[in-house]
């Protein structure tokens, strides 16, 4: 499909002390189709240059800020400048950076949540459509092969009508006031000026909601929410519990917490249909458990031929044979593969297939922002159910 040269990647964020930027770099590199060539890695120019040196980049392409990065990259010939930019900064920078890079002619991969508000998300959607550039959103967990298998089992009708969904995302890393100790990840995530209106809700709740909609194919229509802040002095929520109504009369329960002592990164989902159910656990991601009404439990194992027979997407997202665990980096890389192949299709004047377009895009980002705002609205208001309307 199209040109098979390596795509050139620029990165914002990912400087000293950052977590997710390094994951993006490594995941994008994994399949040998993308190379990082430029970046503005930190709000401190000295730290940005430090990261550029560690990555052995051309110093002239390590920028003090993202505006200089746009200027510098546009000054290069089309075949040498960045093809796309990945935004891995705190949330308050997502919208202005995505807006400006898109308008400058760059494709964009962005961390979630996509923006700080629904209004910004709606504007960004208009910009994506107006520029015609490819926009990806890194909702990591829909990149796992067995999540894709679960989605395809549901789509093919194996479960019958979906009746109920339970999803949880539990961590314990904010069980104490870590932000007051200067821990970089905790500081910005607990600051509404950098993180937005949601704490745990925006950080991991959006992942849980996105996973529900991706796997079931049903949109969340109404929310009944209870937000909590357990750690004294913390401004944003560190725990959230939601009842959900979904399309087609399905019901749901969503709970997320970053004060759940003993939990590391416990994202798990149970989807119950009329005939079967599916259960997937991110901490043991290579297996999909299928419950059968009146029958034995089935355990589907990643990398086997019977999985490929049922789900072309799961097969495409698998790199190594069964019994050799794949996980977090590979899920990131799966989104990058589809994102990159969509860019290549556009370069070649081709229409990408639905299989290639299987990565989160701007619409998922808008739904995520609606989810955050409506949960907060419901928690603060007096109505039992708040509609999640786009």
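The values are calculated or read from the model by the stated rules, or taken from the named source; none is laboratory data. Please read these numbers as outputs of a predicted model, since none were measured by experiment. All Cβ positions, glycine included, derive from the backbone under ideal geometry; neighbour counts span all protein chains shown.
Selection over segment 157-208 of residues that are in contact with a helix residue (DSSP H, G or I) (Cβ under 6 Å, 6 or more places away or on another chain), in a loop (DSSP other than H, G, I, E, B) and without any contact (Cβ under 8 Å) to a residue 40 or more places away in the chain gives a count of 0. Screening residue 117 against (1) free of Cβ contacts under 8 Å to residues at least 40 places away in the same chain; (2) under 18 Å from the mean Cα position of the chain (by Cα); (3) surrounded by fewer than 20 Cβ atoms within 10 Å (Cβ to Cβ) leaves a single unmet condition, (1).
Yes/no matrix, rows are residues, columns are (1) more than 19 Å from residue 226 (Cβ to Cβ); (2) surrounded by 15 or more Cβ atoms within 10 Å (Cβ to Cβ):
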| position | (1), (2) |
| --- | --- |
| 327 | yes, no |
| 335 | yes, yes |
| 340 | yes, yes |
| 354 | yes, no |
| 364 | yes, yes |
| 368 | yes, yes |
| 378 | no, yes |
| 389 | yes, no |
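Give the residues of segment 209-227 that are more than 20 Å from residue 160 (Cβ to Cβ), outside any helix (DSSP H, G or I) and touching a helix residue (DSSP H, G or I) at 6+ places or on another chain (Cβ under 7 Å), sorted by residue number. Passing the criteria: 220, 221, 223, 224, 225, 226, 227. Of the residues making up segment 282-301, those that are more than 24 Å from residue 160 (Cβ to Cβ) and out of contact with any strand residue (DSSP E or B) (no Cβ under 7 Å at 6 or more places or on another chain) are 284, 285. Scanning segment 51-75 for residues that are in contact with a strand residue (DSSP E or B) (Cβ under 9 Å, 6 or more places away or on another chain) and assigned to a loop (DSSP other than H, G, I, E, B), we see that the one that is farthest from residue 347 (Cα to Cα) is 64. Checked against (1) surrounded by fewer than 17 Cβ atoms within 10 Å (Cβ to Cβ); (2) under 14 Å from residue 148 (Cα atoms); (3) out of contact with any helix residue (DSSP H, G or I) (no Cβ under 8 Å at 6 or more places or on another chain), residue 274 meets all criteria but (2).
Could you check segment 358-390 and list, in sequence order, the residues that are within 15 Å of the chain's Cα centre (by Cα) and outside any helix (DSSP H, G or I)?
Step one: of segment 358-390, the residues within 15 Å of the chain's Cα centre (by Cα) are 358-369, 371-372.
Matches in segment 358-390: 358, 359, 360, 361.
One residue stands out in segment 277-310 among those that are part of a strand (DSSP E or B) and without any contact (Cβ under 8 Å) to a residue 60 or more places away in the chain: the one that is surrounded by the fewest Cβ atoms within 10 Å (Cβ to Cβ), namely 299.
From the list 191, 172, 152, exactly one residue is in the same structural domain as residue 284 (by TED's automatic domain parsing), over 20 Å from residue 238 (Cβ atoms) and surrounded by fewer than 19 Cβ atoms within 10 Å (Cβ to Cβ). Which is it?
On the way: 191 fails: over 20 Å from residue 238 (Cβ atoms); 172 fails: over 20 Å from residue 238 (Cβ atoms).
Matching residue, one of 191, 172, 152: 152.
Being touching a residue at least 24 places away in the same chain (Cβ under 8 Å) and either within 22 Å of the chain's Cα centre (by Cα) or in a strand (DSSP E or B) (or both) is the requirement here; does residue 97 meet it? Show your work before the answer.
Details: touching a residue at least 24 places away in the same chain (Cβ under 8 Å): yes; either within 22 Å of the chain's Cα centre (by Cα) or in a strand (DSSP E or B) (or both): yes.
Against the criterion (touching a residue at least 24 places away in the same chain (Cβ under 8 Å) and either within 22 Å of the chain's Cα centre (by Cα) or in a strand (DSSP E or B) (or both)), residue 97 qualifies.
How many residues are within 20 Å of residue 108 (Cβ to Cβ) and not in a loop (DSSP other than H, G, I, E, B) if we restrict to segment 39-50? Residues meeting the conditions: 3. Among the residues examined, residue 73 does not qualify as exposed (fewer than 14 other Cβ atoms within 10 Å of the Cβ) and more than 26 Å from the chain's Cα centre (by Cα).
So how many residues does segment 311-324 have that are assigned to a loop (DSSP other than H, G, I, E, B) and within 15 Å of residue 147 (Cβ to Cβ)?
Keep residues of segment 311-324 that are assigned to a loop (DSSP other than H, G, I, E, B), which gives 311, 317-324.
When the remaining residues are screened for being within 15 Å of residue 147 (Cβ to Cβ), the result is 311, 317-318.
The total comes to 3.
The number of residues in segment 1-26 that are out of contact with any strand residue (DSSP E or B) (no Cβ under 9 Å at 6 or more places or on another chain) and in contact (Cβ under 8 Å) with a residue 40 or more places away in the chain comes to 10.
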